[in-house]
Amino acid sequence: AQTVTQSQPEMSVQEAETVTLSCTYDTSESDYYLFWYKQPPSRQMILVIRQEAYKQQNATENRFSVNFQKAAKSFSLKISDSQLGDAAMYFCAYRSANTGNQFYFGTGTSLTVIP
Amino acid sequence: GAVVSQHPSWVICKSGTSVKIECRSLDFQATTMFWYRQFPKQSLMLMATSNEGSKATYEQGVEKDKFLINHASLTLSTLTVTSAHPEDSSFYICSARGRFAYNEQFFGPGTRLTVL
């Protein structure tokens, strides 16, 4: 099974500053999807950003962007101009494009935003 | 965006009783639904995958006779925790996937189960 690793259990960032959350994954496949999900205290999972492995261009959604390094199997999330509402657990997830529907989630990073 | 609801959001039951949790896709047809379990400050652990009209596929270590999953329609899946015990207390999250281009899953708000 694929594994997704988030090596930072906790991170903090000053409001309006930039923070980068790390994610690495292990796979032998060449075609897959990567996601970052946010889980605020309400526990509702919210999709932040997604990346198709076949695309070389890094995905961007407003203040959120990724640094996708396919050869290194790295998929980090950058949050710019951090806001108090960004405080949450962030999960990195992997899904194969070919085998099944299953998502593999990382262990999560708890992000604190300091006013 | 696509909306997935769960009911109830919170349930307390006595040990030995059964509890049913519903997961509904409100504005799309969910060809596949997933059930996850999440312990405090931990990641989501996939319990089972269900396709409409088919038997659910359970992950290794998940007791299929204890966690009954039914996906009878394209908008509804249910998880029944049978003969619940305190160790079954957890946060249960469903997600649904339709015929979308990006293969993402849409998550329900979760159900907190407490077994006394």
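Read-outs: derived from the displayed coordinates by stated rules, not from any lab. Note that the structure is a prediction, hence the values are computed from the model and not measured. Here the Cβ is made from the backbone with ideal geometry for all residues, glycine too, and neighbour counts use every protein chain on show.
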Legend entry - Hits in the stretch A:62-72 (condition: more than 21 Å from A:LYS38 (Cα to Cα) and either surrounded by 14 or more Cβ atoms within 10 Å (Cβ to Cβ) or touching a residue at least 12 places away in the same chain (Cβ under 8 Å) (or both)): A:LYS70, A:ALA72
Inset, instruction - Could you list, in sequence order, all residues of the stretch B:65-108 that are within 12 Å of chain A (Cβ to nearest Cβ), crowded, with 16+ Cβ neighbours inside 10 Å and more than 20 Å from B:SER15 (Cα to Cα)? - result: B:ILE93, B:CYS94, B:SER95, B:ALA96, B:ARG97, B:GLY98, B:ASN103, B:GLU104, B:GLN105, B:PHE106, B:PHE107, B:GLY108
Inset, instruction - Kindly list the number of the only condition in (1) touching a residue at least 12 places away in the same chain (Cβ under 8 Å); (2) surrounded by 14 or more Cβ atoms within 10 Å (Cβ to Cβ) that fails for A:ALA59. - result: (1)
Inset, instruction - Provide a single number: the residues in the stretch B:1-57 that are surrounded by 13 or more Cβ atoms within 10 Å (Cβ to Cβ), out of contact with any Phe, Trp or Tyr (no Cβ under 7 Å at 6 or more places or on another chain) and without any contact (Cβ under 8 Å) to a residue 12 or more places away in the chain. - result: 2
Inset, instruction - For A:PHE75, indicate whether it is within 20 Å of B:GLU59 (Cβ to Cβ) and surrounded by 13 or more Cβ atoms within 10 Å (Cβ to Cβ). - result: no
Inset, instruction - Quick one: which strands (runs of 3 or more DSSP E) lie wholly within chain A and hold at least 3 residues that are within 14 Å of chain B (Cβ to nearest Cβ)? - result: A:3-5, A:32-39, A:46-52, A:88-96, A:103-105, A:109-114
Inset, instruction - Return the residue satisfying two criteria in turn: it lies in the stretch B:1-44 and is part of a strand (DSSP E or B), among the aliphatic types (A, V, I, L, M) and farther than 18 Å from B:PRO86 by Cα, and of such residues it is nearest to the chain's Cα centre (by Cα). - result: B:MET33
